[in-house]
Each structure stands twice: as C-alpha cells, then as structure tokens.
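Peer 1: One structure, pasted below without further comment.
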Amino acid sequence: MHKENTVCVAMKRLMKEQEIITMNDIDFQFICNLKRFDTIPFMLFSVGCTDPFTVHYKCVTTSHFRLEKIDVETCCATLSLLVPVDIEGNFVNSSDEYYALRKTKSCVIVNLNCFCEINPLPPELVGRPHPIVFPK
C-alpha cells in the first residue's frame, strides 16, 4: 500500500477550507461587515531545501501561490501566482519585505510529490488595501 504525500493531503484540506471561506451564501446573525476572502496564500518547500519554491513573473520572483485545482489521483496542482507588492503597490521580490499579495492570471502546474512542506499565510495579505496617507 502506498502512503499519500503529506503535502498532497494538506493541499486537499486547503482546497476545502478555501472553498468554505468563499461561500457567499453564509448568513451571520451576529457578525456584521465580515470581509470575504477567497484565497489562502501559501508557500511550498522542496525536500532538503530551506528556500521556498519560486517562479519568475514579469521581472520579479514570487514564492506565493493560490490553489486553483488539485488532481487527487496524480497529486498535481494548478497554482496561480500571487505577486508581492510594497506599501505603494509596486512589485517586489518575495525575498524582500512586502506589504500585500496581488493575484495574477498566471498559473503553474506542479507535482506535489516534489514538495515536503506547505506554509500557509494569512488570507488578509491578498488584496490588502494600501493605507491612505493624508498630508500634514
């Protein structure tokens, strides 16, 4: 009997949770103005690698992804790229300090058997609005 990859198992769970937070038909009686999230951002790490898996996108490097779909039989996943931006909204590399993550339409397909760790990040990072600074 073959043991299922732990990252593949974690990604299946992440997909379920991401689907739950995107549900628009949940009504709350006591919670008002609840911000709706549709993404649980994450990073992936390869076996024996201390640096996260990265992809190049428009002159920047990103290690942040959104799970779009997963094939449970092959343990392959389609990931969309999340690009880090600074407080002014400019693209920065994942290794730099960033303020928020922006969605892209670019995707990559990966075999989850090549990874040994997933590091989920707060959903609030995706599409985080820039602060309004008033002149003195």
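The values are calculated or read from the model by the stated rules, or taken from the named source; none is laboratory data. Remember, it's a predicted structure, so these values are computed and weren't measured experimentally. No Cβ is skipped: glycine too gets one built from the backbone with ideal geometry, and neighbour counts run over all protein chains shown.
Peer 1: So Pro84 ticks every box in (1) closer than 14 Å to Met43 by Cα; (2) touching a strand residue (DSSP E or B) at 6+ places or on another chain (Cβ under 9 Å); (3) touching a residue at least 60 places away in the same chain (Cβ under 8 Å) but one. Which box is left unticked?
Peer 2: (3)
Peer 1: Looking at Ile31, is it within 20 Å of Pro129 (Cβ to Cβ) and either part of a loop (DSSP other than H, G, I, E, B) or at pLDDT below 85 (or both)?
Peer 2: no
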